[in-house]
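Everything below concerns the one structure shown next.
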Amino acid sequence: MKTTSLHQHHIDLHAKMVDFGGFDMPLYYSNITPEHLAVRQHVGMFDVSHMGEILITGLDALLLVNTLVSNIITDNTQKVTYALLCNNEGNIIDDLLVYVFDTQKILLVVNASNIEKDFQWIVSQKGHEDVEIKNLSDTYSQIAIQGPLAHDICIKMIDMSQHSLKFMEYVVTPYLDSYVILSRTGYTGEDGYEIYGKHNLITSLWEKAMTLGVTPCGLGCRDTLRFEASLPLYGHELSDSINPIEAGLNFAVKSEKFIGSEKIHQSQGALTKKLVGIKMLEKGIPRADYLLFKGEKEIGFITTGYLLPTQTTGLALAYVTIDEAYLLNEIDVDIRGKKLKCQIVKKVFMKKNYKKGE
């Protein structure tokens, strides 16, 4: 397995380590629940150095990126854009973030388990464009500092006096004898920052955050947090057999010219399934891959499900056949051979706390 530059810190903290996307990563340090609550109530920090970084440079960098991704990418050098990489059938290869340093230098941040697949796909789509495509994933590390106190912590770690970032904005800023990317983004539903840089810089920031009392958090609560915020995860809500409209990601499909766009637009009036929220009406926890029924008819499956630390009822995200995907529809989930009642609800399990006005 691969390791991140912070691996020894996880070992020293006696983290429970697991294989994730080919990386030896911390599942939790103490327990998932206190780490989840630390992010919701105070501040937590994640090692997300396993994420991939693909850099596209050259005269036609902006042109190629707009051919590849579902959202419209402009020359705005402060904005971070969430977008989808789709195949020719309009299904999702990956979801990613796009950072435009300038029109000839653009960074794509992709999911750890998809780095090689994404890189090969991007390279294969290069035609006569004047670009160079580099996989820099082994060169950079990344941490995410998330929670109501994230901003207060970050201003103690990095000189932010010249910056006033809103949600989904970034800046390249000095740190030590080099630079880091400071991005007001994250995947928890809370305010926070993701910070990218060379390994030694991120190690320094991790150590500084620990001295400031930030709670280290593992992949366990990263999943419960993103689920509670109804944020999709590749391999669960997203895959190369799902298109963006089925996943409810219409907001990320603004371009008309990217690979797969025609198929996606053709599918809008002929969807067969839809991502919905599920709330248990009986005691039970609806786990991933559990099947859903209406009477004796199988109508869908759970993609992610938990009894969250902040909830008393089991909740889930699920794909359901389009004719059954309406609010308050009472259906059954098969939990270890027993059908239990649940209900289709909105995919809103919490109010997101992003800072959009500062």
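The values are calculated or read from the model by the stated rules, or taken from the named source; none is laboratory data. Because the structure is a prediction, the values reported are computed rather than measured. Glycine also receives a Cβ, built like all others from the backbone with ideal geometry; neighbour counts cover every protein chain displayed.
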Residues located in the stretch 203-249, provided they are out of contact with any Lys or Arg (no Cβ under 9 Å at 6 or more places or on another chain) and of a type in the set (Lys, Arg): ARG222, ARG226
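If you go through the stretch 273-287, how many residues are among the hydrophobic types (A, V, I, L, M, F, W, C), over 15 Å from ILE299 (Cα atoms) and in contact with a Lys or Arg (Cβ under 7 Å, 6 or more places away or on another chain)?
So the answer is 1.
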Among the residues of the stretch 175-182, are any assigned by TED's automatic domain parsing to the domain that holds VAL18, among the aromatic types (Phe, Trp, Tyr) and outside any loop (DSSP other than H, G, I, E, B)? yes
Please specify each residue of the stretch 26-39 satisfying the condition of being out of contact with any strand residue (DSSP E or B) (no Cβ under 6 Å at 6 or more places or on another chain), surrounded by fewer than 24 Cβ atoms within 10 Å (Cβ to Cβ) and not aliphatic (A, V, I, L, M). SER30, ASN31, THR33, PRO34
Where residues in the stretch 66-98 are touching a helix residue (DSSP H, G or I) at 6+ places or on another chain (Cβ under 9 Å) and among the hydroxyl-bearing types (Ser, Thr, Tyr), which of them is farthest from TRP121 (Cα to Cα)? THR74
Residue count, the stretch 155-173, condition closer than 17 Å to GLN78 by Cβ and either surrounded by 16 or more Cβ atoms within 10 Å (Cβ to Cβ) or not small (Gly, Ala, Ser) (or both), comes to 13
Quickly run through the stretch 44-68 and pick out the residues that are buried (at least 24 other Cβ atoms within 10 Å of the Cβ), over 22 Å from the mean Cα position of the chain (by Cα) and of a type in the set (Asp, Glu). none
Inside the stretch 300-329, can you point out the residues that are farther than 15 Å from LYS274 by Cα, among the polar types (S, T, N, Q) and touching a residue at least 24 places away in the same chain (Cβ under 8 Å)? THR310, GLN311, THR313
Test set (1) touching a residue at least 60 places away in the same chain (Cβ under 8 Å); (2) part of a strand (DSSP E or B) - ASN66 fails condition number: (2)
Please go through the stretch 217-242 and give me each residue that is buried (at least 23 other Cβ atoms within 10 Å of the Cβ) and in a strand (DSSP E or B), ordered by number. CYS217, LEU238
Among the aliphatic types (A, V, I, L, M), out of contact with any strand residue (DSSP E or B) (no Cβ under 9 Å at 6 or more places or on another chain), closer than 24 Å to PRO244 by Cα and assigned by TED's automatic domain parsing to the domain that holds ILE92: is that true of LEU63 in this structure? yes
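Can you name the residue in the stretch 69-119 that is among the charged types (D, E, K, R) and part of a helix (DSSP H, G or I) and, of all such residues, is surrounded by the fewest Cβ atoms within 10 Å (Cβ to Cβ)? Give the derivation first.
Pass one, the stretch 69-119, residues among the charged types (D, E, K, R): 75, 79, 89, 94-95, 102, 105, 116-118.
In the following step, the residues that additionally are part of a helix (DSSP H, G or I) were identified as 116-118.
Working: GLU116: 13, LYS117: 16, ASP118: 22.
The extreme case among them is GLU116.
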Qualifying positions in the stretch 186-206 - under 14 Å from the mean Cα position of the chain (by Cα) and over 18 Å from LYS351 (Cβ atoms): TYR193, GLU194
Picked from the stretch 177-203 (must be touching a helix residue (DSSP H, G or I) at 6+ places or on another chain (Cβ under 9 Å) and closer than 15 Å to SER5 by Cβ), the residue surrounded by the fewest Cβ atoms within 10 Å (Cβ to Cβ) is SER178
Of all residues in the stretch 322-356 being in a loop (DSSP other than H, G, I, E, B) and of a type in the set (A, V, I, L, M, F, W, C), the one that is farthest from ARG184 (Cα to Cα): LEU328
Taking interchain pairs and intrachain pairs at least six residues apart, which have beta carbon atoms under 7 angstrom, with the first residue in the stretch 271-299 and assigned by TED's automatic domain parsing to the domain that holds THR312 and free of Cβ contacts under 8 Å to residues at least 40 places away in the same chain and the second surrounded by fewer than 16 Cβ atoms within 10 Å (Cβ to Cβ) and part of a strand (DSSP E or B)? GLU298/LEU291; ILE299/PHE293
